[in-house]
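Everything on this sheet refers to the single structure shown next.
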Amino acid sequence: MNKQFDVVVIGAGPGGYIAAIRAAQLGLKVACVDAWKNDKGGPAPGGTCTNVGCIPSKALLQSSEYFEHAAKHFSEHGISLSNLSMDVQKMIHRKDAVIKQNNDGILYLFKKNKVSFFHGQASFSGKAENGFEIKVQGAAPESLLAKQVIVATGSTPRALPGTPFDEKLVLSNDGALRIEAAPAKLGVIGSGVIGLEMGSVWRRLGAEVTVLEALPVFLGAADEQIAKEAYKAFTRQGLKIELGVKVAEVKPGKHGVSIAYTNSKGEAQSMTVDRLIVSIGRVPNTQGLNSQAIGLQLDERGAVVVDSDCRTNVAGVWAVGDVVRGPMLAHKAEEEGVAVAERIAGQHGHVNFNTIPWVIYTSPEIAWVGQTEQQLKAEGRNFKVGTFPFLANGRARALGDTTGMVKMLADAQSDEILGVHIVGPMASELIAECVVAMEFRASSEDIARICHAHPSLSESTKEAALAVDKRTLNF
Ligand code: FAD
Ligand code: NAI
């Protein structure tokens, strides 16, 4: 006998669990199915984000940053430590405890919002007269009938062709978050977001880290000026980054992993490392869904094809998050989840794709919203630029962290803010003001006229806004 629901959400990552909660808040009868298992085989809702992504990486970034501060920067504040040591196992256990708090939190939220949770692999069995039949294969197999379905099955790491992840020597993000002791030599393929964040963690904990990147430019999606500043900071910290490389062969062996590649000059190179992280992007996860049972359209990458409202080609089936087009970010998945739940309930959910912030949680942090200078130039748009360095910010000096700047781009005529790009301390928090400003279509003058607390890093955003009209007060 099928259990019947208004909405069945497949996947309890940030896209799925948030969609389920919002749909339940709107009075719908909702189930959410998720396959992720914890180390005891029990449910671990939260998806990539909670289990092997955003949350655990930030836990290790925090622990490793504390260690680096204690080792290298406390003395500037007159604090001396003797016998400083690190316990990587304890850091990993702490990270695992943070994951569990989040898993438990989501199970609690499901209960609170009366979302029925099923632990297992969901697949479409077919269309029925009054909805879609979904099979759940888990400890207790179930058959569900859903009037509407939200597919939120996320993404999985992309492996190098011919080099599968073994999670011992060749690591995806999963293995990169579970190394038991800092390797002496760590290789990273791909200087994207995961490469830089995980490379930073293990460098801070003592590894010699070399990052091999195929593209000739560093962080091509970021504003060029910001990317250059970040590159300088990372290489100063000891991260070795080689751009424009072509990886030829990766061979795991008894003594680590050997990598043969050509450098940007076309010269053959080789390197042997104790561990290798491969972070060359992620692929949408539609395997095991049996999408053909309902004729769900996928693209050549396996992503579910959706319109701007997350509608698929099958009426009543929606898809959100990493499994569809657009940036693979947890907050983008959440926004889509909320909007779809609201559309199902007859409301007018909306996602503004132009104001989705990006954050890279390295030190310095990198964050941006809106367009980059190079994008505006390519469009032939007339714009003004204002920059303000943290070096001239009182709070940054007091913190002892003056790397980087805030850069604001505004339309030359209307003064509307078109993009804000930050590299520096707490960029992840500073960007929120800029997102709000852009949502309200603020001008740079609006920010320049708003009172910002002193001393605060946010004064740099105000000063960058003042700089747009060449009237900074502190630089
Ligand atoms: P996922 O989180 O991947 O969740 C999908 C869920 O669906 C999983 O639990 C999976 O088991 C389940 N599932 C799949 N198929 C089925 C099925 N057939 N039946 C049942 N369940 C199924 N983003 C940020 O915004 N900020 C960050 O700081 C950040 N850091 C990251 C760090 C790392 C190392 C990685 C890898 C990613 C990071 N991301 C970050 C990206 C973020 O994790 C993803 O964008 C986000 O998790 C996508 O959410 P989702 O709900 O679409 O999918
Ligand atoms: P990415 O897309 O950020 O970076 C991949 C990098 O690998 C690119 O620079 C690419 O040019 C390079 N590359 C691709 N193939 C290569 C090859 N064969 N040899 C050398 N270099 C190669 O992907 P990443 O780092 O794997 O992360 C996946 C996604 O996860 C990100 O795009 C992001 O959406 C999400 N994420 C977000 C975070 C955040 O918001 N802070 C943190 C971590 C991940």
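The values are calculated or read from the model by the stated rules, or taken from the named source; none is laboratory data. Bear in mind that the values here come from a model prediction, so they are computed numbers and not experimental data. Glycine gets a Cβ as well: all are built from the backbone with ideal geometry, and neighbour counts include every protein chain shown. Protein only, heavy atoms only, side chains kept; ligands, DNA and RNA dropped before computing areas. Shrake-Rupley method; radii C 1.70, N 1.55, O 1.52, S 1.80 Å.
What to note about this one:
- Residue pairs whose Cβ atoms lie under 7 Å apart, sitting 6 or more positions apart in sequence or on different chains, and linking a residue in region 119-137 that is over 18 Å from Y17 (Cα atoms) and of a type in the set (F, W, Y) to a partner that is open to solvent by 10 Å² or more (accessible area, probe 1.4 Å) and near ligand 1 (Cβ under 9 Å from one of its atoms), are F124/N290.
- Among the residues here, G419 qualifies as surrounded by fewer than 23 Cβ atoms within 10 Å (Cβ to Cβ) and either under 20 Å from E229 (Cβ atoms) or hydroxyl-bearing (S, T, Y) (or both).
- Single residue of region 193-230 satisfying the filter (part of a helix (DSSP H, G or I) and polar (S, T, N, Q)) that is least open to solvent (accessible area, probe 1.4 Å): S200
- Residue within region 36-45 that is open to solvent by less than 10 Å² (accessible area, probe 1.4 Å) and at pLDDT 95 or above present: yes
- Scanning region 426-456 for residues that are in a loop (DSSP other than H, G, I, E, B) and either surrounded by 23 or more Cβ atoms within 10 Å (Cβ to Cβ) or polar (S, T, N, Q) (or both) yields a single hit, S456.
- Taking residues in region 27-50 that are closer than 26 Å to K147 by Cβ, and partners anywhere that are open to solvent by 60 Å² or more (accessible area, probe 1.4 Å) and near ligand 1 (Cβ under 9 Å from one of its atoms), the pairs with Cβ atoms closer than 6 Å and at least 6 places apart or on different chains are A35/Q121.
- Applying the condition of being over 15 Å from A152 (Cβ atoms) and part of a strand (DSSP E or B) to region 109-127 and asking which residue is nearest to ligand 1 (Cβ to nearest atom) yields H119.
- None of I179, I194, I189, I226 is under 20 Å from the mean Cα position of the chain (by Cα), more than 11 Å from ligand 2 (Cβ to nearest atom) and at pLDDT 95 or above except I226.
Here's the yes/no breakdown for (1) hydrophobic (A, V, I, L, M, F, W, C); (2) more than 16 Å from ligand 2 (Cβ to nearest atom); (3) over 25 Å from V193 (Cβ atoms); (4) loosely packed, with under 14 Cβ neighbours inside 10 Å:
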position: A12; (1), (2), (3), (4): yes, yes, no, no
position: I21; (1), (2), (3), (4): yes, yes, yes, no
position: K29; (1), (2), (3), (4): no, yes, yes, no
position: G53; (1), (2), (3), (4): no, no, no, no
position: L81; (1), (2), (3), (4): yes, yes, yes, yes
position: D87; (1), (2), (3), (4): no, yes, yes, yes
position: N113; (1), (2), (3), (4): no, yes, yes, no
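- Of the strands (runs of 3 or more DSSP E) lying entirely inside region 300-405, the ones with 1 or more residues being crowded, with 20+ Cβ neighbours inside 10 Å and away from ligand 1 (no atom under 16 Å from the Cβ) are found at 365-370, 383-389.
- Here is the figure for region 278-299: residues that are open to solvent by 60 Å² or more (accessible area, probe 1.4 Å) and either within 15 Å of ligand 2 (Cβ to nearest atom) or assigned to a helix (DSSP H, G or I) (or both) total 1.
This table checks each residue for (1) within 16 Å of ligand 2 (Cβ to nearest atom); (2) within 24 Å of D401 (Cα to Cα); (3) not assigned by TED's automatic domain parsing to the domain that holds Y108.
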position	(1), (2), (3)
A35	no, no, no
G41	no, no, no
G47	yes, no, no
Y66	no, yes, no
S75	no, yes, no
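- Residue check for A139: open to solvent by 10 Å² or more (accessible area, probe 1.4 Å), more than 12 Å from ligand 1 (Cβ to nearest atom) and either in contact with a His (Cβ under 8 Å, 6 or more places away or on another chain) or not assigned by TED's automatic domain parsing to the domain that holds V9 (or both): yes
- One residue from L60, L107 being at pLDDT 95 or above and either more than 16 Å from ligand 2 (Cβ to nearest atom) or loosely packed, with under 11 Cβ neighbours inside 10 Å (or both): L107
- Total residues in region 41-95, condition at negative phi and assigned to a helix (DSSP H, G or I): 37
- Within region 164-192, considering residues that are over 23 Å from K246 (Cα atoms) and in contact with a strand residue (DSSP E or B) (Cβ under 7 Å, 6 or more places away or on another chain), the one surrounded by the most Cβ atoms within 10 Å (Cβ to Cβ): I179
- The single condition among (1) touching a residue at least 12 places away in the same chain (Cβ under 8 Å); (2) within 15 Å of ligand 2 (Cβ to nearest atom); (3) under 27 Å from P56 (Cα atoms) that G220 does not satisfy is (1).
- Failed criterion for I150 (all others in (1) open to solvent by 30 Å² or more (accessible area, probe 1.4 Å); (2) in contact (Cβ under 8 Å) with a residue 60 or more places away in the chain; (3) within 21 Å of A333 (Cβ to Cβ) hold): (1)
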